[in-house]
Amino acid sequence: MDHYEQTNDYMQPEEDWDRDLLLDPAWEKQQRKTFTAWCNSHLRKAGTQIENIEEDFRDGLKLMLLLEVISGERLAKPERGKMRVHKISNVNKALDFIASKGVKLVSIGAEEIVDGNVKMTLGMIWTIILRFAIQDISVEETSAKEGLLLWCQRKTAPYKNVNIQNFHISWKDGLGFCALIHRHRPELIDYGKLRKDDPLTNLNTAFDVAEKYLDIPKMLDAEDIIGTLRPDEKAIMTYVSCYYHAFSGAQKAETAANRICKVLAVNQENEQLMEDYEKLASDLLEWIRRTIPWLENRAPENTMQAMQQKLEDFRDYRRLHKPPKVQEKCQLEINFNTLQTKLRLSNRPAFMPSEGKMVSDINNAWGGLEQAEKGYEEWLLNEIRRLERLDHLAEKFRQKASIHESWTDGKEAMLQQKDYETATLSEIKALLKKHEAFESDLAAHQDRVEQIAAIAQELNELDYYDSPSVNARCQKICDQWDNLGALTQKRREALERTEKLLETIDQLYLEYAKRAAPFNNWMEGAMEDLQDTFIVHTIEEIQGLTTAHEQFKATLPDADKERQAILGIHNEVSKIVQTYHVNMAGTNPYTTITPHEINGKWEHVRQLVPRRDQALMEEHARQQQNERLRKQFGAQANVIGPWIQTKMEEIGRISIEMHGTLEDQLNHLRQYEKSIVNYKPKIDQLEGDHQLIQEALIFDNKHTNYTMEHIRVGWEQLLTTIARTINEVENQILTRDAKGISQEQMNEFRASFNHFDRDHSGTLGPEEFKACLISLGYDIGNDAQGEAEFARIMSIVDPNRMGVVTFQAFIDFMSRETADTDTADQVMASFKILAGDKNYITVDELRRELPPDQAEYCIARMAPYNGRDAVPGALDYMSFSTALYGESDL
């Protein structure tokens, strides 16, 4: 209902008028009740009141009376007539008085008020409330509505479940009203028994208590507030402003309490920082203690899948588990340095962590973790290579063993036959020739047996997990081979003894057998080679295999000619058999290799050739992809590696140069930090490329000297360095502002520090620091007294005995020698405000004036001194001082 304009900030824009014309009935009801109660709270001082807000102001008499009461000024004499013109005149006098107070009314005329226009009447009353009840509210350089909201937020901040952000829905649960009352009059409400899920009880409790004990009339209905989705803001502001005016008298005491709160907050914050450091250090050391044994475990696995899982676990550790711990370690150092700086600024002793939890202890433990991690990944990759080689050899062993066992199947039984005893001469000769062909075949298989034994030996040397079964199978093959050799020799001797009695042999079958056996063996070898698995890691290796395969294909035409020649011999034998009706039973007595078998194997070889072509092409494509991955990773790594080194050098120069103010250096560093953080996607992209390389089992890269480990370590060092450098500059600013050091003094300190920092390490050794002090005018001689004085100074700037002096410690020492602080005097002056003339303060007063957590903290600190004064349960000036600052601080 804001039908007005005014130059003050608390007024809403004029364009809100059209929207407010659509006044929600629920809001209108709330405004009627609230504005009527507010008007009556002032009119009762003149012995009157209103019942109906749009009716009782129509003649202008009570409206003028209301303005006189709230302003304390006399308005023009009202007209006492009953005619409309008299009423309009009285209302105009009231509106003119409102305008004289700097309020420009818009679209509100006397005629609308006289006619009982409810919207215009409510708008006018809201204008009066804003001008005389809310405009003059001022809290921390904010006024009117913003000032009132800030006051509510400050007063309700310590209360749980209270979050005042506006003057409508933030008050629906009633806890905000109860918190305002309890903050100033805790004896009136038991706040701990209130529940957020019972807004009706909360609202009625606040309204009843305010009306009974604070003389604030009940301007709102709890049912209306709960039943409205968004309570009327003007009604809430009007009612809350009554709370402000009722409690504004306690402002001076609150200001004094705030000063003590600041000191208590610093003490609490420092103690919390100490607890946080101890917990964070314990957790980090425990994590390192659990992780190192895992990284030192070199127990190999038997399967590739198990080792791949170990590698994946290690990647998860590097990608997911370690980075947060690196951040925690950096944060631990930052918290430690910040805590020491705050303690020095508060004239408190330096913080000494528990035994074994110093920053140096954590650095030593972290070094052990890095050492354990260093060789773990290399060991994993070597193990994967070993298992890959073992799987390849084992499969090759099984293939060759199966082929050999298939070939030897039935050979022992054949060699032990006694068929020559009843054979004819021609049959004996055939058996002898057949045996010669078998011996030829047997010799051809000698190489395969040797290969099987060599593979088994290599599997044993590489510690293959299933070596017992491999050895057993190999031993069985070797024993069988020896037995075949003995049986072959025995059969030959028997046939040769019988050969003297037999003369006939068919030369064509013999020639067929002699040529078919090696050709068959060649085809079997070709099939074996074409089906043999291969493993390569470079383009050159796959090109070598491709070249060998092309050479093999070049021999196929000659082989086909040999096949046709062998088949021609068989065809010639068949022709002779048919021509001369020889009874050969349709079989070759010198060999078991048939033309059908030769053709079948030849067809199989022809089918295997294109399969081999396809396999080599696919492997060639994979190796090309691997080479692209190497180049892609190398190109990025060759950019990121130098970039990290350059940023490290630039940050180092910023930290020791004296260009601009500390704020300029801090802004410069934060810009560097932002650029570094923005660079993180490139690191992540490189990590992704590295993972692709490892998943492709690429073990070397000739395109770069940088490994992912180098990049990770450099990136972690860069993040740690920029965070530590920013923290150092922030602490320098904190020290400068706290000690009142000028920029010229800071530059002079930095120039002196840099002059004696010969190695540009950012720290001074004891001798360098001593020379710096002498150059600044300190009288430190080489006698015992001078050494004692220098030892005293070193205990201040190097309390942890690290053997070096940082620039932060240097400026802390220099500022401590020259600066002064009035913190203690301000705090004790605040004590006098709270104590008043009685020169002591009680525990109940502390609980009333301070937030609950800080009040209890202060009471706990004062417990040993409670009762020194004559008043029980109270502290005098000296006891209060000793409780907060110790026996000698004030």
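The values are calculated or read from the model by the stated rules, or taken from the named source; none is laboratory data. Only a predicted model underlies this, so the values are computations on that prediction, with no experimental measurement involved. All Cβ positions, even for glycine, are placed from backbone atoms using ideal geometry, and neighbour counts span all protein chains on display. All accessible areas refer to the heavy atoms of the entire protein, side chains included, with ligands and DNA or RNA removed. Shrake-Rupley method; radii C 1.70, N 1.55, O 1.52, S 1.80 Å.
Some points to look at:
- Any hit, region 158-175, residues being out of contact with any helix residue (DSSP H, G or I) (no Cβ under 8 Å at 6 or more places or on another chain), assigned to a helix (DSSP H, G or I) and more than 30 Å from ASP844 (Cβ to Cβ): yes
- Scan of region 734-763 for residues that are of a type in the set (A, V, I, L, M) and at pLDDT below 75, ordered by number: ALA738, ILE741, MET746
- The listed residue being at pLDDT below 65 and out of contact with any Ser or Thr (no Cβ under 8 Å at 6 or more places or on another chain), out of ASP844, ASP837, ASP822: ASP822
- Flag for ALA401 being more than 30 Å from ALA472 (Cα to Cα) and open to solvent by less than 40 Å² (accessible area, probe 1.4 Å): no
- Residue that is farthest from ARG448 (Cα to Cα), among those in region 525-543 that are assigned to a helix (DSSP H, G or I) and open to solvent by 40 Å² or more (accessible area, probe 1.4 Å): GLU540
- Checked against (1) buried (at least 17 other Cβ atoms within 10 Å of the Cβ); (2) under 40 Å from the mean Cα position of the chain (by Cα), GLN153 passes all but a single condition, namely (1).
Per-residue answers, yes or no, for (1) in contact with a Cys (Cβ under 7 Å, 6 or more places away or on another chain); (2) closer than 22 Å to LYS514 by Cβ; (3) surrounded by 18 or more Cβ atoms within 10 Å (Cβ to Cβ); (4) modelled with pLDDT under 85:
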| residue | (1), (2), (3), (4) |
| --- | --- |
| GLU405 | no, no, no, yes |
| SER426 | no, yes, no, yes |
| GLU458 | no, no, no, yes |
| SER467 | no, no, no, yes |
| GLN489 | no, yes, no, no |
| LYS500 | no, no, no, yes |
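- Counted as qualifying within region 645-753 are the helices (runs of 4 or more DSSP H) with 1 or more residues that are under 26 Å from LEU764 (Cβ atoms) and open to solvent by 20 Å² or more (accessible area, probe 1.4 Å), namely 662-678, 708-739.
- Taken over region 52-68, the criterion of being buried (at least 17 other Cβ atoms within 10 Å of the Cβ) and farther than 17 Å from GLY116 by Cα is satisfied by LEU65, LEU66, LEU67.
- Filtered residues of region 49-61 (kept if assigned to a helix (DSSP H, G or I) and farther than 12 Å from THR36 by Cα): LEU61
- Restricting GLU768, GLU787 to residues that are closer than 30 Å to LYS357 by Cα and not hydrophobic (A, V, I, L, M, F, W, C) narrows the list to GLU768.
Listed here are the residues, each with its yes/no results for (1) in a helix (DSSP H, G or I); (2) surrounded by fewer than 15 Cβ atoms within 10 Å (Cβ to Cβ); (3) within 36 Å of the chain's Cα centre (by Cα).
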{"residue": "LYS601", "(1), (2), (3)": "yes, no, no"}
{"residue": "VAL605", "(1), (2), (3)": "yes, no, no"}
{"residue": "GLN614", "(1), (2), (3)": "yes, yes, no"}
{"residue": "GLU619", "(1), (2), (3)": "yes, no, no"}
{"residue": "ARG622", "(1), (2), (3)": "yes, yes, yes"}
{"residue": "LEU629", "(1), (2), (3)": "yes, no, yes"}
{"residue": "GLY634", "(1), (2), (3)": "yes, no, yes"}
{"residue": "ILE640", "(1), (2), (3)": "yes, no, yes"}
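- Pairing each residue of region 753-776 that is touching a residue at least 12 places away in the same chain (Cβ under 8 Å) and of a type in the set (A, V, I, L, M) with any residue that is part of a strand (DSSP E or B) and open to solvent by less than 70 Å² (accessible area, probe 1.4 Å), provided the two are 6+ apart or on different chains, yields C-beta distances under 7 Å for LEU764/VAL805.
- Apart from one condition, ARG32 fits all of (1) modelled with pLDDT of 50 or more; (2) more than 52 Å from the chain's Cα centre (by Cα); (3) open to solvent by less than 40 Å² (accessible area, probe 1.4 Å); the exception is (3).
- In the set (1) hydrophobic (A, V, I, L, M, F, W, C); (2) buried (at least 22 other Cβ atoms within 10 Å of the Cβ); (3) over 20 Å from ALA37 (Cα atoms), LEU229 fails one condition alone, (2).
- Every residue from region 92-123 that is touching a Phe, Trp or Tyr at 6+ places or on another chain (Cβ under 8 Å) and not charged (D, E, K, R): VAL103, LEU105, VAL106, SER107, ILE108, ILE113, THR121, LEU122, GLY123
- Of all residues in region 544-572, those that are under 21 Å from LEU510 (Cα atoms) and either in contact (Cβ under 8 Å) with a residue 40 or more places away in the chain or open to solvent by less than 60 Å² (accessible area, probe 1.4 Å) (or both) total 11.
- ARG80 at pLDDT below 85, assigned to a helix (DSSP H, G or I) and basic (Lys, Arg): no
- Residue satisfying condition, being over 30 Å from ALA437 (Cα atoms) and over 51 Å from the mean Cα position of the chain (by Cα), within set THR547, THR533: THR547
- Qualifying residue in region 387-407 (condition: without any contact (Cβ under 8 Å) to a residue 12 or more places away in the chain and more than 30 Å from ASN483 (Cβ to Cβ)): no
- Region 84-111: number of residues that are more than 60 Å from the chain's Cα centre (by Cα), open to solvent by 60 Å² or more (accessible area, probe 1.4 Å) and over 19 Å from LEU65 (Cβ atoms): 3
- When HIS581 is tested against (1) at pLDDT 90 or above; (2) at positive phi, only condition (1) is not met.
- Among the residues making up region 192-201, a single one is surrounded by 17 or more Cβ atoms within 10 Å (Cβ to Cβ) and in contact (Cβ under 8 Å) with a residue 24 or more places away in the chain: PRO199.
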